[in-house]
1. Could you tell me whether any residue of the stretch 357-365 is among the β-branched types (Val, Ile, Thr), within 22 Å of the chain's Cα centre (by Cα) and open to solvent by less than 50 Å² (accessible area, probe 1.4 Å)?
2. Given the options ARG230, ARG208, name the one that is touching a helix residue (DSSP H, G or I) at 6+ places or on another chain (Cβ under 6 Å), among the charged types (D, E, K, R) and surrounded by fewer than 21 Cβ atoms within 10 Å (Cβ to Cβ).
3. Would the stretch 88-97 turn up any residue that is in a strand (DSSP E or B), open to solvent by 20 Å² or more (accessible area, probe 1.4 Å) and either at pLDDT below 90 or more than 30 Å from VAL217 (Cα to Cα) (or both)?
4. Yes or no: ASP344 surrounded by fewer than 21 Cβ atoms within 10 Å (Cβ to Cβ), touching a residue at least 12 places away in the same chain (Cβ under 8 Å) and charged (D, E, K, R)?
5. With (1) open to solvent by less than 30 Å² (accessible area, probe 1.4 Å); (2) at pLDDT 95 or above as the list, and THR350 as the residue in question, which single condition is left unmet?
6. Look at LEU319 and say whether it is closer than 22 Å to GLY215 by Cβ, over 22 Å from the mean Cα position of the chain (by Cα) and open to solvent by 10 Å² or more (accessible area, probe 1.4 Å).
7. What about THR247, is it at pLDDT 95 or above, out of contact with any helix residue (DSSP H, G or I) (no Cβ under 9 Å at 6 or more places or on another chain) and among the polar types (S, T, N, Q)?
8. Among the listed residues THR371, THR339, identify the single one that is over 30 Å from ARG401 (Cβ atoms), among the hydroxyl-bearing types (Ser, Thr, Tyr) and either open to solvent by 10 Å² or more (accessible area, probe 1.4 Å) or not in a helix (DSSP H, G or I) (or both).
Amino acid sequence: MTRPRCRFPSVALVSTLSLVLTAALLPAAGAPTTLAAAGAPITLAAAGGPITLAAAAAPGVERWNVDLSVVDRDDVNVRRTATGLRLRAAKPTGRNAHSPRSAVAEGMLLSTSRTLARPATRVRAEITASVPAGATVEAQVRGWRTAGWTEWWAATAGAVFDRPVTQVQTRVVLTASNGGATATVRGVQLTADAAAAVSAATPGRTYRVYATRIGLVGELTANGRTVQPRDHFAALPSRRGLSPLNTGDYTVRVCTTSGSRCEYAPVWDVGPWNTRDDYWNLSSVRENWKDLPQGRPEAQAAYQSGYNGGRDQFGRTVLNPAGIDLADGTFWDGLQLTTNAWVDVAYLWTGGGPRGVVGDGPLNIRAGASTSYAIRGLAARLAHVPIQCYVIGQSVAGPYRTTTRWNRLATGQYVSHAYISGVYGGTVPVC
């Protein structure tokens, strides 16, 4: 497990400002500097003053401000002060120099989603913030379409979606080094419009990666969940696929290499090792490590081939090739693993078709449409499962209905519809 953060000296000694633009840190100069981003100028104020990112809006665009005044339970390690939004504590989550968790501190404010007046394909962010050297601020957005939420994309230079979206949600991510000064964010303004769409990811990708067990019961995940004994969730090394607290918007299907056991688990943490390694995406949109093959985690390349000097993005020596972390319940009960192992992972939000939301779980997935069939794994509570079609089978009384309907999942296994709280992404046909 991991999460990203960065380093900076005390406020009294700060003489340089930096701000995250997409995945890069841009230091402020002694005089205002103008850079081009998404066709509009960005002005960085002189050192010691605020940084304002101002992107000129085209005619007919929709603009709104992110509410930074409300910090509640789905926000992580941030607080509202009289001067703006700041980190609550600049403390990294890694326990030691060799921990696969992040080497820097991170906080995150999640806004409510906004329904757009008209569909949009591009969203840009304008951030007003004071950012000490070593600290970072980034505005990230995702969009809602028929098939569900897109991944999270950095919006400072403009996030472009492959299909029009009707809702937009924003999160503001702050990072800092251990004990360093924190940025102060005073405002975030969003602009939505229609721009040329580009492909953001290849649909329905599945890769074989190395899985490690999370453990860490009682600690906090990147989305603010306190890890429970035998918990059911997963961690991936990029925030692009991080579900907000108590949702399964980004769900993975993790199976043993033999296919005998699978679990559908929501992504609730960031890691292992890296925090900007969305290795399941095309190289053209991958955050870092664009020269690696699609589907190959940086930690795997570092461990097996000495890539990047055998180190992760924080400069730590990589001690295993992990591309996914599994909570104890997913590891022990869902897959029935006894040690770290290679697994087959499907990144379900990159696919299409109807999705069912598991309202109560972990739910048994079975080989047929009856409780008499063998259990082939689990679907965690809040996981989003791809439904191919449905059949009539044994009647089951569940928390949402009593029904004879059983949903056949993409793996050819079945779950009772009595435990599905809702379906989106299309109409489910009869098998």
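The values are calculated or read from the model by the stated rules, or taken from the named source; none is laboratory data. Just so it is clear, the structure is predicted and the values come from calculations on it, not from any experiment. Cβ atoms come from the backbone with ideal geometry, glycine included; neighbour counts cover every protein chain shown. Protein only, heavy atoms only, side chains kept; ligands, DNA and RNA dropped before computing areas. Shrake-Rupley method; radii C 1.70, N 1.55, O 1.52, S 1.80 Å.
1. There is at least one residue in the stretch 357-365 that is among the β-branched types (Val, Ile, Thr), within 22 Å of the chain's Cα centre (by Cα) and open to solvent by less than 50 Å² (accessible area, probe 1.4 Å).
2. ARG230
3. Among the residues of the stretch 88-97, not one is in a strand (DSSP E or B), open to solvent by 20 Å² or more (accessible area, probe 1.4 Å) and either at pLDDT below 90 or more than 30 Å from VAL217 (Cα to Cα) (or both), which makes the answer no.
4. Against the criterion (surrounded by fewer than 21 Cβ atoms within 10 Å (Cβ to Cβ), touching a residue at least 12 places away in the same chain (Cβ under 8 Å) and charged (D, E, K, R)), ASP344 qualifies.
5. (2)
6. Criteria met by LEU319.
7. When the stated conditions are applied, THR247 passes them.
8. Answer to the selection: THR339.
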